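S.K.: This structure is in structure tokens; I'll ask about it shortly.
The values are calculated or read from the model by the stated rules, or taken from the named source; none is laboratory data. This is a predicted model, so every value here is computed, not measured. In this analysis, Cβ positions are derived from the backbone assuming ideal geometry, glycine residues included, and neighbour counts consider all displayed protein chains. When the accessible area is computed, the model is the full protein with side chains, heavy atoms only, and any ligands, DNA or RNA have been set aside. Shrake-Rupley method; radii C 1.70, N 1.55, O 1.52, S 1.80 Å.
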Amino acid sequence: YGPIWHRMNQGGFRMAVVQGQNPLVSAANAGVVRSGLARLETLVVLDPLESETAAFWKSPGARPETIQTEVIHLPTAWSFEKAGSITNAARWVQWRPKAIEPPAQLPSDLQIIDRLFRAVRARYGTNHRDQADREQHPMHALDAPEGAFRVAPRPLEEPAVQEQRLRD
């Protein structure tokens, strides 16, 4: 996902939501990630604990007084505190049942993403719900997470086509 970080460094993003990963550790170039995060207005990190990405402004050599990014860390339930599927590095999809209840009724990352989606959609506006609008803006047609499965998916693209679309 290198093109995303390069675009972020060029000011192409105002906000990022990081869920289920720690790009400051896992990306190929931590310096590019760190400088891209510093250019954001807002960074939202969904993770049970504060990660290196959420604390990027405290990194060795960082100058917090020059970083204007507002970091919002939203603690979530651990994977064993919620039922759901996971995909490992070998691309195996596995179902995991909930083992225990999360402390303090922490929401799952899916619940948080759903709330963020609804807030963005409400602010974006949903007053044009005719067929043409739904085709141009499929998120208007979604009323619940299950609604995502009712929207026709885009055909699969070759990786080179996807990369070109990201560059455009």
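S.K.: Only sites in a loop by DSSP and with at most 12 other Cβ atoms within 10 Å count here; which chymotrypsin sites (Phe, Trp or Tyr not before Pro) in region 1-110 make the cut?
M.R.: The qualifying sites are 1, 92.
S.K.: A further question on this structure: For region 1-115, with only Lys/Arg (+1) and Asp/Glu (-1) charged at the beta-carbon, what is the dipole magnitude about the Cα centre, in debye rounded to 20?
M.R.: Here the size comes out at about 320 debye.
S.K.: Counting other Cβ atoms within 10 Å, which trypsin sites (Lys or Arg not before Pro) in region 54-126 have at most 14 and lie in a DSSP loop? It would help to have the intermediate numbers written out before the result.
M.R.: On the way: sites: 58, 82, 91, 98, 115, 118, 121, 123; in loops: 82, 91, 98.
When the trypsin sites (Lys or Arg not before Pro) of region 54-126 are filtered for loop state and at most 14 Cβ neighbours within 10 Å, 91, 98 remain.
S.K.: Still on this structure, please answer the following. Give the carbon-plus-sulfur fraction of the accessible surface of region 66-119 in %, rounded to a whole number; probe 1.4 Å, heavy atoms of protein chains only.
M.R.: 60
S.K.: Please turn the phi angles of region 98-106 into ³J(HN,Hα) values with the Karplus equation 6.51 cos²θ - 1.76 cosθ + 1.60 (θ = phi - 60°), one per residue in order, whole Hz, x for glycine and proline.
M.R.: Result, rounded to whole Hz: 5, 8, 9, 6, x, x, 6, 6, 4.
S.K.: With the other protein chains left in place, how much accessible area per residue, in square angstrom, belongs to region 45-88 at a 1.4 angstrom probe?
M.R.: I get 58 Å² per residue for this part.
S.K.: Excluding residue 22 itself, what net charge comes from residues whose Cβ is under 12 Å from its Cβ, given Lys and Arg +1 and Asp and Glu -1?
M.R.: -3
S.K.: Mean separation of Cα pairs under 8 Å and 6+ residues apart, divided by the residue count of region 33-90: what relative contact order is that in percent?
M.R.: Relative contact order, region 33-90: 41 percent.
S.K.: Follow-up question, since we're still on this one. Would you please state the base-10 log of I(q)/I(0) at q = 0.14 1/Å for region 1-67, with intensities from the Debye formula using one equal scatterer on every alpha carbon?
M.R.: The computed values of log10 I(q)/I(0) come out as -0.35.
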